[in-house]
Amino acid sequence: MVDDTLRTPAAIREAERWTAHNYHPLPVVISSAEGAWVTDVDGRRYLDCLAGYSALNFGHRHPTLIAAAHAQLDRLTLTSRAFVHDQFADFCRELAQLCGKDLVLPMNTGAEAVETAIKVSRKWGYRVKGVPAGQATIVVADGNFHGRTTTIVSFSTDPDARDDFGPYTPGFRIVPYGDLAALAEAVDETTVAVLLEPIQGEQGVVVPPRGYLPGVRRLCTERNVLFVADEIQSGLGRTGETFACDHEAVKPDMYVLGKALGGGIVPVSAVAADADVLGVLRPGEHGSTFGGNPLACAVATEVVRLLATGEFQRRSAELGARLHGALRDLVGDGLVAVRGRGLWAGIDIDPALMTGRQACERLAERGVLAKDTHGSTIRLAPPLVVRADELDHAVEQLSAVLH
Ligand SMILES: Cc1ncc(COP(=O)(O)O)c(C=O)c1O
């Protein structure tokens, strides 16, 4: 029976009436949140085990980040890059130092940062490597997710993301993820970059075989190709290190960052690279009205400072070990497989039991929010401020859903 005293059904109907249906959200209407918890319009509380696809690594409304946003709102919000503002240098310096790179270029969304990386790689290819005009190629991986622009979906292998959005941008070669020999074969003298997620999030938290990322690094160095790591979802503490590449001591030529960089408050993205790479851009060749705006910089500087303490990476590593241990106990008992690192897990539900969507709906009824991806796979990515007992609670609810 539908309880017509609840506000949720009407709110969902109204949202569906007025929006394009490019998402299929779970039937939960959130009105407030704090830390790892959200509350819906009917007062029900849920443990957030998605964390805005890792944009909320520091939890909802982290006090330090909210204070920085409030203070900045009261002083200055936007200048455009036609002028310099007083939050800009600190942000760029501190992010560059966190990345161990010379320079950063701030943008807003993840897709814009990926576009920036593609443009910089091509420019570097023509101006530094000497690739003939218009010939640059970039090698990418099967199963990738780098965003939604027309250029980026041109090299997606997901029909939902790609079909009927052509004509497509040329200049990309797709190889199987994790296959070093295939990558070596695809790279030639026109190749300017290898663009990879060090862990494929949307694909279901797919971790490449050990040795793959160092192998990519070696190959790129030997063949004079830029290694561009899209750490938009895997970076900034999610996997138990600052960057997922750190697990194998790999330094890419360019980091592509987003999501958690904005502290769950504002969209902030960036690329970070050394001067021999990012230095190829000259005034007027690339930009964004909102990229590096004062509000974004004020919040993101505090994000970088939170990460510089190492506390969130430690929490992610320790709590991640607990989460993965508990999830592994369910393999063969409702789960088929568990993958991931730190507080990031891709779990495959036994398809004989239910779909990932059904599992997420049942989890939501039990007060835990997670999101399915590709059939029977669910992604768990709670905020890094989650407590051990809260994680145990989430796994108990998952076990109850499966049994
Ligand atoms: C690895 C990766 N790259 C790029 C993007 C695109 O980011 P945005 O949605 O902010 O454009 C995402 C978003 O899920 C992502 O996971």
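Of all residues in region 80-108, those that are of a type in the set (Lys, Arg) and touching a residue at least 60 places away in the same chain (Cβ under 8 Å) total 2. For region 113-122, the candidate set comprises residues that are in contact with a strand residue (DSSP E or B) (Cβ under 9 Å, 6 or more places away or on another chain) and surrounded by fewer than 24 Cβ atoms within 10 Å (Cβ to Cβ); within that set, the residue that is nearest to Arg162 (Cα to Cα) is Glu115. Kindly provide the set of residues from region 122-158 that are part of a loop (DSSP other than H, G, I, E, B), touching a residue at least 40 places away in the same chain (Cβ under 8 Å) and more than 25 Å from Tyr23 (Cβ to Cβ), ordered by number. Matches in region 122-158: Val131, Pro132, Gln135, Ala136. If you check Pro267, Pro252 for being part of a loop (DSSP other than H, G, I, E, B) and either modelled with pLDDT under 95 or open to solvent by 10 Å² or more (accessible area, probe 1.4 Å) (or both), only one passes: Pro267. The sole residue among Thr109, Thr116 that is farther than 29 Å from Pro382 by Cβ and within 16 Å of the ligand (Cβ to nearest atom) is Thr116.
So that you can scan it fast, the table gives a plain yes or no per residue for (1) within 16 Å of the ligand (Cβ to nearest atom); (2) in a helix (DSSP H, G or I); (3) touching a residue at least 12 places away in the same chain (Cβ under 8 Å):
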residue	(1), (2), (3)
Leu281	no, no, yes
Gly291	yes, no, yes
Glu302	no, yes, yes
Ala337	no, no, no
Gly342	yes, no, yes
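In region 1-99, counting only helices (runs of 4 or more DSSP H) that sit wholly within it, the ones holding 1 or more residues that are within 26 Å of Asp160 (Cβ to Cβ) and either open to solvent by 30 Å² or more (accessible area, probe 1.4 Å) or more than 16 Å from the ligand (Cβ to nearest atom) (or both) span 8-18, 51-54.
One line per residue, one yes/no per condition, for (1) of a type in the set (Lys, Arg); (2) under 16 Å from Val303 (Cα atoms); (3) over 23 Å from the mean Cα position of the chain (by Cα):
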{"position": "Val28", "(1), (2), (3)": "no, no, no"}
{"position": "Ser31", "(1), (2), (3)": "no, no, yes"}
{"position": "Leu50", "(1), (2), (3)": "no, no, no"}
{"position": "Asn57", "(1), (2), (3)": "no, yes, no"}
{"position": "Thr64", "(1), (2), (3)": "no, yes, no"}
{"position": "Phe83", "(1), (2), (3)": "no, no, yes"}
{"position": "Cys92", "(1), (2), (3)": "no, yes, no"}
{"position": "Ala96", "(1), (2), (3)": "no, yes, no"}
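Condition check: crowded, with 17+ Cβ neighbours inside 10 Å, of a type in the set (A, V, I, L, M, F, W, C), modelled with pLDDT of 95 or more and touching a helix residue (DSSP H, G or I) at 6+ places or on another chain (Cβ under 9 Å). Does Val140 satisfy that? Lay out the reasoning, then the answer.
Numbers: crowded, with 17+ Cβ neighbours inside 10 Å: yes; of a type in the set (A, V, I, L, M, F, W, C): yes; modelled with pLDDT of 95 or more: yes; touching a helix residue (DSSP H, G or I) at 6+ places or on another chain (Cβ under 9 Å): no.
In short, no.
Yes or no: region 348-363 includes at least one residue that is crowded, with 20+ Cβ neighbours inside 10 Å and of a type in the set (Ser, Thr, Tyr).
No - not one qualifying residue is present in region 348-363.
Remark: pairs (first residue in region 13-26, more than 22 Å from Arg148 (Cα to Cα) and touching a residue at least 40 places away in the same chain (Cβ under 8 Å); second residue open to solvent by 100 Å² or more (accessible area, probe 1.4 Å) and hydrophobic (A, V, I, L, M, F, W, C); Cβ separation under 9 Å; 6+ apart in sequence or on different chains) are absent.
So, Ala400, is that one within 24 Å of Asp40 (Cβ to Cβ), of a type in the set (Gly, Ala, Ser), in contact (Cβ under 8 Å) with a residue 12 or more places away in the chain and surrounded by fewer than 20 Cβ atoms within 10 Å (Cβ to Cβ) or not? When the stated conditions are applied, Ala400 passes them. For region 391-400, the criterion of being part of a helix (DSSP H, G or I) and closer than 24 Å to Thr64 by Cα is satisfied by at least one residue.
Residues of region 24-41 being of a type outside the set (A, V, I, L, M) and touching a His at 6+ places or on another chain (Cβ under 9 Å), which ones?
Hits for region 24-41 are Ser32, Glu34, Gly35, Trp37.
Note on region 119-154: among residues that are aliphatic (A, V, I, L, M) and more than 12 Å from the ligand (Cβ to nearest atom), the one that is farthest from Gly178 (Cα to Cα) is Ala133.
The values are calculated or read from the model by the stated rules, or taken from the named source; none is laboratory data. All values reported here derive from a predicted model rather than from experimental measurement. Please note: Cβ atoms are built from the backbone with ideal geometry, for glycine as well, and neighbour counts cover all protein chains shown. We work out accessible area using only protein heavy atoms, side chains counted, and drop any ligands, DNA or RNA first. Shrake-Rupley method; radii C 1.70, N 1.55, O 1.52, S 1.80 Å.
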